[in-house]
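Below is one structure, written out as structure tokens; the observations come after it.
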Amino acid sequence: MAWLAAGEGYEIALVEGKVAARSATGRTAGRQLKTLPKALRDHPEVDRLRRLAEWLDRHEAACIAQVDTWMVSSLPVPTALLAQVWPDEAWQNALRDIAVVGEDPDEVGFLRDATASGELRVVNLDGETVRLSPRTVTLPHPVLLPDLDDVRDFAAELGIVQRVEQIHRPTWQKPQGLAATATEVRDYAGGVFASRFGLAARATGLGYRVSGGYATCKVRDTGGGTEAAVWIGEPYYEDETSTGALSWHDENGRAVRLTEVGPVAWSEGMRMAAALYAGRKIEEGGDAR
């Protein structure tokens, strides 16, 4: 970003997301200052850059959230859309090195570039950079990837770091032999918290929605929308509370039998329940599983 004149003898710019200043005159002209001079702290241009930095932070978070939604929902994303947003650095940071699948469901590659013509450049699992031009791609949830451990090992060899948790996202596989009529999982029930407020705050801090007495997350799986829900206690209850059972509901609010829960919905629901349970109170000498 270009340096802007601000006050007598100073210039300012955004450097690594923060307002920085440098001297514009004298022998120290062009030298960046360690701190913002007091004379500039209330300058209108400084305030404008601060507001711009805040907007950029929100924009970056929104890009990451959107890519995460595409991945969790297994929705096809138009290649032309990726090409359109790629020049934006925030979108690039969110999308770079995300695993994508084109027309061949067995062809997985890590996204490195999207050209204006709608061509994607990816590094495939053979370590080769290839060009793809499918109409749409999916950003697969890791539970859907065959040979996930091999994909993770290869990503580690390449030094891939993803802004959106995908390849190294914790996953849970649905066990065999579930009761045909069962609708709840209690693996992470019974986690004790000092208050319902603290448990609800943990849920929202992790990015989950709190509605009524539940922490919830929505997933699009097996062709429809599914909502996973963990009981966290009655609203406004001020005493000690515990995590309850995990269940899933369809778009009409009906309970879904465990045998009918899709693989992504199962994994994401268990991930939410485990994350909430991890914040429980642990009594000294108690069960620390």
Once amide H atoms are placed 1.01 Å from N in the peptide plane, what residues at a sequence separation of 5 or more from residue 15, or on another chain, have their amide H within under 5 Å of its amide H? 20
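Segment 1-131: percent of C-alpha pairs farther apart than 17 Å?
Values: 5633 of 8515 pairs.
Result for the distance tail: 66 percent.
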With a ≥ b ≥ c the root eigenvalues of the C-alpha gyration tensor of segment 110-150, is it rounded (a/c under 1.5), prolate (a/b larger than b/c) or oblate? oblate
Of the trypsin sites (Lys or Arg not before Pro) in segment 1-96, those whose Cβ has at most 14 other Cβ within 10 Å and which sit in DSSP loop: 27, 31, 34, 41
Which value in nm describes the separation of the simple spin-label points at residue 62 and residue 80, placed 7 Å from the Cα toward the beta carbon? 2.3
One computes Rg over Rh for segment 63-135 from alpha-carbon atoms, with the Kirkwood Rh, and obtains 0.92
Evaluate 2.2 N^0.38 Å with N set to the residue count of segment 1-69, then give the Cα radius of gyration divided by it. 1.32
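If a/c stays under 1.5 just call it rounded; otherwise compare a/b with b/c (prolate if a/b is bigger, oblate if not). Do that for segment 179-227, with a ≥ b ≥ c from the square roots of the Cα gyration tensor eigenvalues.
Oblate shape, in that a/c is at least 1.5 and b/c is the bigger or equal ratio.
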Rounded to 10°, Cα long-axis angle of helix 148-158 versus longest principal axis of the chain: 20
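When the helices in the chain are scored as -39500 (n - 2.57) per DSSP H run of 4 or longer and the sum is shared across all residues, what 222 nm value do you end up with, to the nearest 500 deg cm²/dmol?
Working: 6 runs with 80 residues, N = 289.
Result for the chain: -9000 deg cm²/dmol, rounded to the nearest 500.
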Counting other Cβ atoms within 10 Å, which GluC sites (Glu not before Pro) in segment 160-239 have at most 14 and lie in a DSSP loop? 165, 238
Mean-square fluctuation check for the chain, GNM, Cα pairs under 10 Å: which of 123, 151, 19 is largest? 19
Using a Förster radius of 41 Å, what is the FRET efficiency between residue 150 and residue 52 based on their Cβ-Cβ separation? Nearest 0.05, please. 0.40
Quick note, segment 229-289: a/c under 1.5 would make it rounded; otherwise a/b > b/c is prolate and the rest oblate (a ≥ b ≥ c, C-alpha gyration tensor); here it is oblate
Segment residue 34-residue 4, extension gain: residue separation times 0.36 nm, minus the distance between their alpha carbons: 9.1 nm
Residue among 53, 114, 137 farthest towards the positive dipole end of segment 30-142, charges placed on Cβ: 53
Whole-Å distance, taken between Cα centres, linking segment 158-191 and segment 75-127: 26
Here segment 228-233 yields Karplus 3J(HN,Hα) values (6.51, -1.76, 1.60; θ = phi - 60°; whole Hz; Gly and Pro given as x) of 8, 9, 10, 5, 10, x
For segment 83-131, what % of the accessible area comes from carbon and sulfur atoms, probe 1.4 Å? 38
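Accessible area per residue for segment 236-282 in Å², computed with a 1.4 Å probe and the full protein assembly in place, what is it?
Working: 2230 Å² over 47 residues.
Accessible area per residue: 47 Å².
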Isotropically averaged projected area of the chain, using the convex hull of Cα atoms (one quarter of hull area), nm²: 22.1
Give the average over all directions of the projected area of the C-alpha convex hull of segment 179-289, one decimal, in nm². 7.1
With contacts defined as alpha carbon pairs under 8 Å and 6 or more residues apart, what's the relative contact order of the chain in percent? 13
Quick one: angle between helix 44-73 and the longest Cα principal axis of the chain, in degrees between 0 and 90, rounded to 10, please. 30
Highest average packing first - 141-147, 124-130, Cβ atoms within 10 Å: 141-147, 124-130
Per DSSP, loop trypsin sites (Lys or Arg not before Pro) in segment 223-281 with at most 10 further Cβ within 10 Å: 254
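Please report the projected area of segment 88-169's Cα convex hull averaged over all directions, in nm². If you can, show how the numbers build up before the last one.
Values: hull surface 20.6 nm².
Spelled out: convex hull of the Cα atoms, projected over all directions, averaged, 5.1 nm².
Restricting to Cα pairs below 8 Å that are 6+ residues apart, what does the relative contact order work out to for segment 79-198? Please round to a whole percent. Provide the component values of the computation, followed by the final result.
On the way: 140 pairs, mean separation 26.7, N = 120.
Once normalised by length, the contact order is 22 percent.
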Taking the Cα atoms only, what angle lies between the long axis of helix 263-277 and the longest principal axis of the chain, rounded to 10 degrees? 80
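The values are calculated or read from the model by the stated rules, or taken from the named source; none is laboratory data. Fair warning: this is a prediction, and the values are worked out from it, not measured in the lab. Every residue, glycine among them, receives a Cβ derived from its backbone with ideal geometry; neighbour counts consider all protein chains shown. For the accessible areas, the whole protein counts, side chains as well, though only heavy atoms, and no ligand, DNA or RNA atoms are used. Shrake-Rupley method; radii C 1.70, N 1.55, O 1.52, S 1.80 Å.
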